[in-house]
Amino acid sequence: MAAGADAVGDAVADGVRHLAAQDDVARGLVERFGPPPRRVPSPPGRRFEELVRSIVHQQLAGKAAAAIHARLVAGLGGSVTVEAVLDSPPELLRECGLSASKAAAVSELAGQVRSGALVLATIGRLRDEQVVAQLTQVRGIGRWTAEMFLLGALARPDVWPVGDFGVRAGYAAAWGLADPPSASEMQTIGLAYQPYRSLLAWYCWRAADERPAAARARPPRPEEAGRDQV
């Protein structure tokens with residue numbers, strides 16, 4: 001375990017040095033926010049729960065999503081598992097605060113995992129785009145949810161979620177742009193920061209959090225939010 005933690009720490013340090021070497025703005029972000037937290041892949045037994053959490057968070061502010069997720073955990077007896085979802089009354093997910101479409105997405109995800117159509121235990125062996133392709137076969141899971149899974153559950157180092165409005169807004173704030181770049185523009189921008197774009201996304205989110213309250217108050221339009229709409 002210690003050796004693995006050391007390897008993760010070395011990778012983060014390498015990534016931070018790489019970002020800081022690219023330009024003055026990136027170096028300033030590193031100096032202001034310090035190194036990102038170390039991330040290690042989640043155990044296979046936690047991956048279903050993390051996907052469900054991402055579904056809950058789609059198109060919701062953090063506090064509202066956290067409250068719904070807490071009710072869901074409590075409603076399922078304290079643990080979000082495939083068995084708990086499929087063995088619960090159909091109306092339970094709705095009673096916990098999920099929309100009808102999100103409840104259907106969680107149920108379908110559980111069904112695909114139980115049937116073996118989606119094998120979360122071994123999905124970490126796949127390349128990033130293969131993971132995205134598998135996950136987006138589930139109704140209600142789009143690219144944003146799949147990328148959050150890559151970033152969180154699988155701790156992949158080079159995920160660049162250009163559809164996420166927070167990443168684009170944070171980039172604009174840090175680099176002094178009047179408007180956030182488009183997703184296609186962000187794809188080009190990110191090329192210089194490979195293979196550590198997950199770290200750059202983390203710094204962009206931190207920069208977005210520092211925006212003036214008035215700028216943060218306007219919710220992004222659905223087409224710019226980047227979060228899967230369920």
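First obtain the Kirkwood hydrodynamic radius of region 1-119 from its Cα pairs, then insert it into the Stokes-Einstein equation at 20 °C and 1.002 mPa s, and state the resulting D in µm² per second as a whole number.
127 µm²/s
Listing Glu129, Glu108 from fewest to most neighbouring C-beta atoms within 10 Å gives Glu129, Glu108. Working note: Debye formula, equal point scatterers on the alpha-carbon atoms of region 18-67, no solvent; log10 I(q)/I(0) at q = 0.14, 0.22 Å⁻¹ is -0.65, -0.81. Ranked for footprinting exposure by Cβ neighbours inside 10 Å, fewest first, Lys102, Lys63 give Lys63, Lys102.
For the chain, the orientation-averaged shadow of the C-alpha convex hull comes to 13.0 nm² (one quarter of the hull surface). With the charge dipole of region 11-100 set up from +1 on Lys and Arg Cβ and -1 on Asp and Glu Cβ about the Cα centre, the Cα lying farthest toward the positive end among the listed residues Gln58, Pro44, Val16 is that of Val16.
Maximal additional length on extending the Arg139-Glu83 stretch stands at 18.3 nm, based on 0.36 nm per residue less the C-alpha distance. For region 111-202, what class follows from the C-alpha gyration tensor (a ≥ b ≥ c being the square roots of its eigenvalues): rounded when a/c is under 1.5, otherwise prolate if a/b is larger than b/c, else oblate? It comes out prolate by the Cα gyration axes. Each peptide in 153-161, 87-95 was scored by the mean count of other Cβ atoms within 10 Å over its residues; highest first, the order is 153-161, 87-95. Per-residue ellipticity at 222 nm, computed for the chain from helices alone with -39500 (n - 2.57) per DSSP H run of at least four residues, works out to -17500 deg cm²/dmol. GNM on the chain, C-alpha springs below 10 Å: top fluctuator among Thr81, Thr136, Thr188? Its mean-square fluctuation being the largest, the pick is Thr188. Listing Ser182, Ser107, Ser79 from fewest to most neighbouring C-beta atoms within 10 Å gives Ser79, Ser182, Ser107.
Read the figures in this text as sums done on the coordinates, not as results from a lab. The shown structure was predicted, so the numbers you read here are calculated from the model rather than taken from an experiment. Positions of Cβ are generated from backbone atoms using ideal geometry, with glycine treated the same way; all protein chains shown enter the neighbour counts.
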